[in-house]
1. Return only the number of the condition from (1) under 21 Å from the mean Cα position of the chain (by Cα); (2) at pLDDT below 85; (3) assigned to a loop (DSSP other than H, G, I, E, B); (4) more than 12 Å from residue 378 (Cα to Cα) that residue 281 does not satisfy.
2. Of the residues 155, 163, which is among the small types (Gly, Ala, Ser), in contact with a Pro (Cβ under 8 Å, 6 or more places away or on another chain), crowded, with 24+ Cβ neighbours inside 10 Å and under 27 Å from residue 38 (Cβ atoms)?
3. For residue 46, are the conditions met, namely being part of a loop (DSSP other than H, G, I, E, B) and without any contact (Cβ under 8 Å) to a residue 60 or more places away in the chain?
4. Would you please list the contacts, defined by Cβ atoms under 6 Å and residues six or more apart or on different chains, that run from a residue in the range 433-452 that is touching a residue at least 12 places away in the same chain (Cβ under 8 Å) and surrounded by 15 or more Cβ atoms within 10 Å (Cβ to Cβ) to a residue that is assigned to a strand (DSSP E or B) and among the aliphatic types (A, V, I, L, M)?
5. Any residue at all in the range 153-172 that is modelled with pLDDT under 90, in contact with a strand residue (DSSP E or B) (Cβ under 7 Å, 6 or more places away or on another chain) and hydroxyl-bearing (Ser, Thr, Tyr)?
6. From the list 59, 75, which residue is among the hydrophobic types (A, V, I, L, M, F, W, C), touching an Asp or Glu at 6+ places or on another chain (Cβ under 6 Å) and surrounded by fewer than 23 Cβ atoms within 10 Å (Cβ to Cβ)?
7. Looking at (1) crowded, with 17+ Cβ neighbours inside 10 Å; (2) outside any loop (DSSP other than H, G, I, E, B), which is the only condition residue 504 fails?
Amino acid sequence: MSSMMLEPRGHAHRIYEVVEGRGSGTTDLVTSSWERCVKDYRLDPDRPSHPTVLTDRALEERRTKAADVIDCAKLEMTTLYQQLGDRESAVVLVDTEGTILHMVAAPEFARDMGKVGFCPGAVWSESAVGTNGMGTCLVVGEPVAVRQHDHFFGAYTSLTCSAVPIFDPDGALVAVLDVTSRSQLMQQHSLVLLSMTAQMIENRLLDLRFRDACPIHFHSRPEFVYTLHEGKLVVADDGSIRAANRSALFQLGIPSVQEIRGRKIDEVFQTTLPDILQRSARSSFHPVPTFCTQRSNRFFVVAQEPATLYASNAERGAAKQVTVNLRGIGGPDTEFGDERIASQLHVAARVIAKRIPVLLHGETGAGKEVFARALHKGSPFASGAFVAVNCASLPESLIESELFGYRAGAFTGAQRTGRRGKILQADRGTLFLDEIGDMPLALQARLLRVLDERQVSPLGSEETIPVDFQLVSASHRNLPKLVAEGVFREDLYYRLSGLEVALPPLRERADKRELLYRVLQEEAAGQKMTIDADAEALLMSHPWPGNLRQLRHVLRTAVVLAGGDRLRMEDLPPALRQRIAARPEPMAAPAVALHETEGVADGVAGGGSDAADDELAALNPVQASERAVLLGLLEQQRWNVSNVAKALDISRNTLYRRLHRLRIPLSHGDPSMQ
């Protein structure tokens, strides 16, 4: 520790010169601190004062008092330490009295620093050990940098400290986050990274302390919602604001939490809490626009139900059996009357509440990610992050670093500060692995190990970091077939498939009409719109190979073309309308075709009856239009069921069920229609 030895009297002499106004060469912040040390605390730079180290019992009492802050900070501190990539540094968290509560450092550095009292339990207040990053930050309540000779005592002049305050949801300073380094190279970016980390800790603390309130995320730019830069309000059931993060106050131009607490949400935005909750659910929790009440600023907002609404009974300490409240987690892409999806959603929510992984199957665009988000929102980890990774969209060379992260300098082209992987980002939240069937075989083994051990080792690092997350995965591929072919690990498949859920394509959903209108109203930004009968018939009969994603894009285009409150056939995209032109005349005149083609169908089947007429009369207009479309397609394909199923991109069994439901008899192929 020769570098930590007391410096000659020159350091003390310089301090006295500055305090007495005869010297210069330091910042106003350091000068003010030195003046406090000499005049208020009566410290002597010639007589160093080492920090007091609390007993284990006293330290445990301090930690218990700040348990929620420590809980929110631990992971972020580990991530920050990895980003810095400096083994000659430590990341520490201190309470309001300057006590080190938690510390992340390399073992060698921790041992060396312990010799000068830099360890958990040590009190580094400014009044005890003079000017230093942690203690001085507590006094001034703002970010500080205390470089080597800025320290009051010469024993610490080989250190450089950067520190930032952490504020609770009431705006009170509750802790300080500090990076202390012995490196000769000044970390210019330390304060920036520290400030970002402090914001993440504050946001976690806001979520933790207000689990019974509705979180509202917003920003003036939609791409910044759900990021570190978003504003966040927590709102009570009656619409009154209970707390806000610093970004929210800045964006709204409000100086303090006290000035916004108690105000109604409709005093801030031109919306009410029920309205923004509804619109958020309908948009699948993508940002929706609204305006500020005091100014003309436009914001993009997402509101969610309270996290405690979805806590399991086991978490609440109530009944023995788990129940999950699913109110509000549906959206235009989940369920509005389809019994299969409603049942699957409830079963999957009960399973994930018990920490059992869920594996989703479904065609592209069928709403697998939306279903996964709904599960996350109704889970015990709803206050954590929902992190989605599309294994098919990432180059094979990047999947490993994207999932597991890497430390600084791990490979050529790596970010200088390292990168936190998706798995770490999902800690205490939900990790959604989409298109898991496309994950390279080599990485499947690493993923399996993480799932078994609940630990992550970033690339280029020998350290392991504990993680805890819910797992939802999805694929449109046949995983058992991939297992049989040897391209997907059998043990990983069984690890992922705690519960398997098959999501039906849009063309098979019983709530298709409700979905159609819900998505339409959402794309129309809440404006009430109607659809002409012929346009509705076409939309209802379309096979939608792109499923919900395709439906949303089609309606978005149609709303723009309509320019009013009525959607007509000519407003639909040309590619969709071309299906009409390609059909025979009965398709263009469904009301006439209904009766004309019935005669053909009934003649093939052996004639009609009064009972059959009564059954047809019972069909609603949408079903009648869909029936006409199918009859026309059957005519076009000369009643070849296989060709019709292929044209609609559905299975023969699905087509038989649809024909039976619409009272279309066949001469052969389906016994129920004979």
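The values are calculated or read from the model by the stated rules, or taken from the named source; none is laboratory data. Just so you know, these numbers come straight off a predicted model, no measurement behind them. Note: ideal-geometry Cβ built from the backbone for every residue, glycine included; neighbour counts use all protein chains shown.
1. The failed condition is (3).
2. Numbers: 155 fails: crowded, with 24+ Cβ neighbours inside 10 Å.
Only one candidate passes the filter, namely 163.
3. Values: part of a loop (DSSP other than H, G, I, E, B): yes; without any contact (Cβ under 8 Å) to a residue 60 or more places away in the chain: yes.
Taking the combined requirement at face value, the residue satisfies it.
4. 433/389; 434/474; 450/456
5. no
6. Values: 59 fails: touching an Asp or Glu at 6+ places or on another chain (Cβ under 6 Å).
Testing whether each residue is among the hydrophobic types (A, V, I, L, M, F, W, C), touching an Asp or Glu at 6+ places or on another chain (Cβ under 6 Å) and surrounded by fewer than 23 Cβ atoms within 10 Å (Cβ to Cβ) leaves just 75.
7. With respect to (1) crowded, with 17+ Cβ neighbours inside 10 Å; (2) outside any loop (DSSP other than H, G, I, E, B), residue 504 is out only on (2).
So that you can scan it fast, the table gives a plain yes or no per residue for (1) in the same structural domain as residue 427 (by TED's automatic domain parsing); (2) closer than 30 Å to residue 205 by Cβ; (3) under 30 Å from the mean Cα position of the chain (by Cα); (4) not hydrophobic (A, V, I, L, M, F, W, C):
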{"site": "25", "(1), (2), (3), (4)": "no, no, no, yes"}
{"site": "45", "(1), (2), (3), (4)": "no, no, no, yes"}
{"site": "51", "(1), (2), (3), (4)": "no, yes, no, yes"}
{"site": "75", "(1), (2), (3), (4)": "no, yes, yes, no"}
{"site": "102", "(1), (2), (3), (4)": "no, yes, yes, yes"}
